[in-house]
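One structure is given here, and the rest of the page talks about it.
The values are calculated or read from the model by the stated rules, or taken from the named source; none is laboratory data. Just so you know, these numbers come straight off a predicted model, no measurement behind them. We work out accessible area using only protein heavy atoms, side chains counted, and drop any ligands, DNA or RNA first. Shrake-Rupley method; radii C 1.70, N 1.55, O 1.52, S 1.80 Å.
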Amino acid sequence: MIRNLSRSLLLLLALVPVLPAAASAADGRHRALRPDPIVFVHGWNSDGSTWRTMANRFRADGWPAGYLDRWTYDATRSNATTAARLAEEIERVLDRTGAAKVDVITHSMGALSSRYYLKNLGGAAKVDAWVSLAGPNHGTDIARLCGGAPCVEMRPGSKFLNSLNSGDETPGTVRYATWRSPCDVIISPRKSVALSGAVNTTTACLGHSELHSDQAVYEQVKKHIG
């Protein structure tokens, strides 16, 4: 009996170093399965509330509420200024969540400041996947009807856009994707949305503000960011 007890004790002691290692491996798998935080970047004359429908869908599909950052910024400022603010926001999200990278989902003008961040402010090292929904990536004629720095920057052939689109339109290892609608009257010409080096998708007949609330577009965006 003493001999059996000794064997049991030795077996138990042998297992002790294994238990923390097993727990550590489980923690690693849990972290690996956790999605990237998402930073949503709205467009001109809007705010973070525009993402309510899409953010709610991500939450229902398993994204933690604290990983869904519906950022609001001053859309009357230049896109370069907004890009600097976006850099600060992404750092806050990374610090808060402990993640290595974020995914960025943009609507309309939000594509421009986020692309400036990726190209000029080191953002390509902090972003895994980037999404442009109805982004005026090569300008839109309707921007001639409004004033202020961001509207001037959105006009086709602007100095800002010429610089942004020079060289590689999709720099770094970021996974770029765009969505455009054949019925979007805000982005003109509609081919403005597509980027060289990105996965470019044409949606069903949707209005400009329907791209971030449409269920089919959501499913495609979710698949892209993984």
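What to note about this one:
- One Cα centroid belongs to segment 74-148, the other to segment 31-72; the line between them spans 14 Å.
- Global geometry of segment 29-106, whether rounded, prolate or oblate, following the gyration tensor of its Cα atoms and the 1.5 cut on a/c: oblate
- Accessible area of the chain divided out per residue, in Å², using a probe of 1.4 angstrom: 50 Å²
- Anisotropy class of segment 51-173 from Cα gyration tensor, a/c 1.5 cut: prolate
- Between the amide H of Val41 and those of Ile105, Thr106, His107, distances stay under 5 Å, these residues lying 5 or more places away or on another chain, with hydrogens modeled in the peptide plane.
- Residues in segment 185-192 carry Karplus couplings, in order, of 8, 7, 9, 9, x, 5, 5, 4 Hz; the curve used is 6.51 cos²θ - 1.76 cosθ + 1.60 with θ = phi - 60°, and Gly or Pro positions show x.
- Partners for Lys191 among aspartates and glutamates (Cα-Cα distance below 14 Å; same-chain residues under 8 apart left out): Asp141
- Taking θ as phi - 60° and the Karplus parameters 6.51, -1.76 and 1.60, the scalar couplings of segment 136-151 work out to x, 5, 10, x, 9, 5, 5, 5, 6, 8, 10, x, x, 3, x, 5 Hz in sequence order, x denoting glycine and proline.
- Global geometry of segment 130-226, whether rounded, prolate or oblate, following the gyration tensor of its Cα atoms and the 1.5 cut on a/c: oblate
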